[in-house]
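The values are calculated or read from the model by the stated rules, or taken from the named source; none is laboratory data. No experiment lies behind these values; they were computed from the predicted model shown. Here Cβ is always computed from backbone atoms with ideal geometry, including for glycine, and neighbour counts include all displayed protein chains. When the accessible area is computed, the model is the full protein with side chains, heavy atoms only, and any ligands, DNA or RNA have been set aside. Shrake-Rupley method; radii C 1.70, N 1.55, O 1.52, S 1.80 Å.
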Amino acid sequence: MAMIIEGEERIEAPVETVWRALNDPDVLKDCIPGCEELEKSSDTEFAATVSLKIGPIKARFNGAVELTNLNPPHSYTISGEGKGGVAGFAKGGADVSLKEDGLDATILTYQAKADVGGKMAQLGSRLIQSTSKKLAGQFFSNFNARVSGSEEEAQSA
């Protein structure tokens, strides 16, 4: 069951700051809903453990995240795949691009693709689609708050 999720966030921080945060495993770990572990295994690869509840199914996914198509500081593709035991699997990715919006703001746009299988796929496309949109929105909202907030703290320090 595949789906596409698109969105945009205006972040009150310069493009370079946003780019650095998009490549920082600590920032990503804090922003990914349900992320328990995110360890860098190379400059472009991470090992991840994420715990999620989708409808009645709660699962812990172990998998890998990879950054490709890097065009610093303007765009990249982030993709991942995780296995959740009997719950099934999830895999997907997002094309993320950054565009300056004045001196101290960035427009982040994303187009994410997700695919799930196993028990989760039996929950129905509406529930999977709405949960996926919610999780993507939550990540980018968390990311925006983290990057905007850390920028303000850095300026006041």
**Message:** Under 9 Å between Cβ atoms, which residue pairs at least 6 apart in sequence (or on different chains) link something in the stretch 1-13 that is of a type in the set (Val, Ile, Thr) with a partner that is open to solvent by 90 Å² or more (accessible area, probe 1.4 Å) and part of a strand (DSSP E or B)?
**Reply:** Ile4/Lys113; Ile5/Lys113
**Asked** What residue, among those in the stretch 40-66 that are polar (S, T, N, Q), in a loop (DSSP other than H, G, I, E, B) and open to solvent by less than 80 Å² (accessible area, probe 1.4 Å), is farthest from Leu108 (Cα to Cα)?
**Response** Ser42
**Item:** Output for the stretch 67-85, where each listed residue is more than 20 Å from Val15 (Cβ to Cβ), open to solvent by 30 Å² or more (accessible area, probe 1.4 Å) and either of a type in the set (Ser, Thr, Tyr) or out of contact with any Gly (no Cβ under 7 Å at 6 or more places or on another chain) (or both)
**Value:** Ser79, Gly85
**Request:** Name every residue in the stretch 102-126 that is open to solvent by 60 Å² or more (accessible area, probe 1.4 Å) and over 23 Å from Lys29 (Cα atoms), in order of residue number.
**Result:** Leu103, Asp104, Lys119, Gln122, Ser125, Arg126
**Fill in**
Cβ pairs under 8 Å, 6+ apart or interchain, first in the stretch 128-144 and farther than 19 Å from Arg20 by Cβ, second in a helix (DSSP H, G or I), ordered by first then second residue, are Ile128/Met120; Ile128/Ala121
**Fill in**
Considering residues that are open to solvent by less than 50 Å² (accessible area, probe 1.4 Å), modelled with pLDDT under 95 and part of a loop (DSSP other than H, G, I, E, B), the number found within the stretch 1-31 is 1
